[in-house]
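First comes the structure, then the notes that go with it.
The values are calculated or read from the model by the stated rules, or taken from the named source; none is laboratory data. On a predicted model such as this, the values are computed, not experimentally measured, just so you know. Neighbour counts are summed over all protein chains in view; Cβ atoms, including those assigned to glycine, are modelled from backbone coordinates with ideal geometry. Remember, those area values only see protein heavy atoms, side chains included, never the ligands or the DNA or RNA. Shrake-Rupley method; radii C 1.70, N 1.55, O 1.52, S 1.80 Å.
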Amino acid sequence: MTSYKLNNLNLSKIEAEVAIPKYNRDNIKTGIVHVGIGGFHRSHEAFYTDQLLHDESITDWGICGVALLDFDTKIYQTLKAQDGLYTLVVKELDGSLTKRVVGSIVEVLYAPENPLKVVEKMASSSVKIISLTITEGGYNYDEATGEFNFENPLIQHDLDNPEAPKTIFGYLTQALKLRKENGLQGVTIQSCDNIQGNGHMTEKMLLSYVKVAEPELVSWIDEHVSFPNAMVDRITPATSPVDISNLKETSGIDDAWPVVCEPFKQWVIEDDFKAGRPAWEQVGAQFVENVEPYEKMKLQLLNAGHSVLGILGALIGYDTIDEAANNPSINAFLRAYMGTEVTPVLNDLKGVNLESYEVSLLQRFGNVYIKDQIDRICSESSAKFPIFILPTVNAQLKSNNHIEHAAFVTAAWAIYSLGEDKNGKALNIKDAMKPILKEKAIASKDNPTAFLDIESIFGKLKDSKLFTEAFTCAYKDIVKNGIEKCILEINTNRVNFI
Ligand code: CS2
């Protein structure tokens with residue numbers, strides 16, 4: 001079929017094939033600057049906002065997408081060439097595809113090319129929200145100290161070169177300083193990352209930086225900036241070359257970087273916006289007073305569940321999450337982890353239904369059409385483990401409760417960090433801490449708990465006898481008997497705790 005490059009000019013030509021934005025994009029003003037225009041932002045906040053912009057009375061909430069890092073150049077160039085447009089392809093549970101072109105990103109900027117332009121955009125009077133998807137590791141938090149990591153060379157760079165920043169902290173500081181100088185009113189900094197208390201985390205990390213970089217700005221921030229917490233959710237695998245060619249062949253859309261995702265979506269937000277906000281509740285977001293129960297449920301069940309499936313599945317040699325989720329013994333392992341280790345920790349949460357959440361999670365993980373990459377899930381595990389799994393373990397240890405499954409997954413991660421699956425095939429490990437993970441994984445061959453030495457990931461976990469024993473036992477067992485046999489054993493409670 002004839003295909004058309006996705007851009008403003010060609011929109012009407014593809015209208016017969018897919019839904020397109022029905023609002024006049026030229027009339028939309030930028031009210032949100034969003035940093036991190038990867039797949040998740042585009043399947044989530046940008047999608048909700050696109051739906052809202054179909055209400056013609058709403059014209060103030062267009063998004064300016066910012067590509068912050070050097071390696072974001074491809075997404076910047078793609079969106080720039082496509083006038084900010086992209087196709088969202090929802091992979092439904094029955095295998096059908098629902099496609100629509102999303103139009104809420106009305107501008108794009110590439111920060112390394114022109115830092116000042118980004119600072120000025122963040123400081124412009126029409127911008128009321130600066131939202132972020134900068135990944136768990138992007139917050140520069142050190143688990144060992146519980147503080148901002150000033151040793152990060154990029155942070156040092158930003159302190160030395162305030163006018164040419166590289167990190168989000170340098171950018172926000174410059175932008176807020178300019179807002180203050182221009183006498184502007186408040187602004188909201190809204191994290192959309194998977195972090196418990198993501199608003200609190202953003203505030204704490206930013207203020208740590210500002211206290212050193214620009215101390216006079218601290219009191220202005222206290223008064224003029226809010227940092228709402230939020231739970232964000234939509235499984236969004238990396239787009240594959242097949243997704244791109246299918247879209248072209250079946251719908252005639254030549255989109256260099258469409259986004260694929262699951263049908264489920266959820267966004268629960270604390271209603272604390274300093275300068276107004278879009279009425280996202282009109283398109284399905286929930287505004288609540290306290291998001292903590294929703295965050296805990298999501299991070300400790302969904303995200304942790306993903307890590308469990310990813311690490312165990314990788315060692316077995318699987319490529320996608322559905323393969324792991326549909327393996328009966330991994331599935332039983334995951335259910336036991338959720339039931340005996342996570343649910344007791346979350347039991348007191350008000351306002352959420354854990355049972356139905358767990359049922360829906362297993363269905364989402366098992367969706368064979370999503371093909372979420374195990375490599376994606378296992379990437380940056382060193383930033384994910386402290387957020388997704390450690391809170392469960394620490395809470396369980398406090399009450400001397402079960403931690404065997406978490407210890408088993410941690411041991412499996414140590415073995416994964418050696419770099420090969422059970423068949424000796426090289427694993428594609430992407431992790432900022434890869435060298436130290438490997439070093440400790442090698443040391444673990446003689447002394448298994450060496451892996452737990454990495455305090456910036458595990459904190460003081462090594463001090464727990466209960467955990468180190470379970471970890472050591474699982475480690476030795478996996479080395480001796482192989483991953484699959486050990487999963488079966490732990491499921492039938494036949495693990496030989498030496
Ligand atoms: C995943 C998340 O990165 C991960 O490990 O668990 O990206 C997950 O897919 C999203 O949080 C779903 O909302």
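Can you give me the pair-distance distribution of the range 4-288, C-alpha pairs, 10 Å bins, whole percents?
6, 29, 36, 21, 7, 1
Distance cut-off 21 Å, Cα to Cα: go down the list LYS177/LYS204; LYS99/LYS248; LYS204/LYS384; LYS211/LYS462 and report the pairs above it. List each step's numbers first, then the result.
On the way: LYS177/LYS204 17 Å; LYS99/LYS248 12 Å; LYS204/LYS384 19 Å; LYS211/LYS462 33 Å.
Among LYS177/LYS204; LYS99/LYS248; LYS204/LYS384; LYS211/LYS462, the Cα-Cα distance tops 21 Å for LYS211/LYS462.
To the nearest whole percent, what portion of all C-alpha pairs in the range 380-498 is separated by more than 26 angstrom?
Numbers: 979 of 7021 pairs.
Looking at the range 380-498, the distances longer than 26 Å represent 14 percent of pairs.
Give the calculated FRET efficiency between ASP60 and LYS5 to the nearest 0.05, with a Förster radius of 22 Å applied to their Cβ-Cβ distance. Intermediate values should be presented prior to the final figure.
Working: r = 29 Å, r/R0 = 1.34.
For ASP60 and LYS5, the calculated efficiency is 0.15.
Could you report the accessible area of TRP257 in Å², rounded to 10, computed with a 1.4 Å probe on the protein chains as they sit in the structure?
Taking all protein chains as shown, TRP257 has close to 80 Å².
If we count every other residue with Cβ under 15 angstrom of ASN114's Cβ, Lys/Arg +1 and Asp/Glu -1, where does the sum land? Kindly include the intermediate steps, with their values, before the conclusion.
Values: positive: LYS80, LYS117, LYS121, LYS166; negative: ASP70, ASP72, GLU107, GLU113, GLU120, GLU163.
So the surrounding residues net to -2.
For the range 144-291, take the convex hull of the Cα atoms, compute a quarter of its surface area, and give me that in nm², please. Each step should come with its number before you reach the end.
Values: hull surface 49.4 nm².
For the Cα atoms of the range 144-291, the hull's average projected area reads 12.3 nm².
If you average the alpha carbon positions of the range 14-57 and of the range 319-384, how far apart do those two centres end up, in angstrom?
Cα centroid to Cα centroid, the span is 30 Å.
P(r) of the chain in 20 Å steps, Cα pairs, percent per bin?
Histogramming the chain at 20 Å steps yields 23, 55, 22, 1 percent.
Relative contact order for the chain: what is it in percent, counting Cα pairs under 8 Å that are at least 6 residues apart? Can you show the working numbers first?
Values: 882 pairs, mean separation 71.4, N = 498.
Answer for the chain is 14 percent.
Highest first, please rank the peptides 428-436, 381-389 by the mean number of other Cβ atoms sitting within 10 Å of their residues.
Details: 428-436: 14.6, 381-389: 23.7.
The packing order, highest mean first, is 381-389, 428-436.
Got a sec? Charge dipole of the chain, +1 on Cβ for Lys and Arg, -1 for Asp and Glu; which of HIS41, PRO215, VAL359 is way out at the positive end?
VAL359
Might you tell me the accessible area per residue for the range 261-348, computed with a 1.4 Å probe and given in Å²?
Details: 2910 Å² over 88 residues.
So the range 261-348 comes to 33 Å² accessible per residue, rounded to a whole number.
Ranking request for peptides 241-249, 167-175, 104-112: highest mean number of other beta-carbon atoms within 10 Å first, then the rest in descending order.
Working: 241-249: 14.9, 167-175: 24.0, 104-112: 22.0.
Going by the mean number of other Cβ atoms within 10 Å, highest first, we get 167-175, 104-112, 241-249.
For the range 4-288, what's the relative contact order in percent, using C-alpha pairs closer than 8 Å and at least 6 residues apart?
Numbers: 554 pairs, mean separation 64.7, N = 285.
Averaging sequence separation for qualifying contacts and normalising by length gives 23 percent for the range 4-288.
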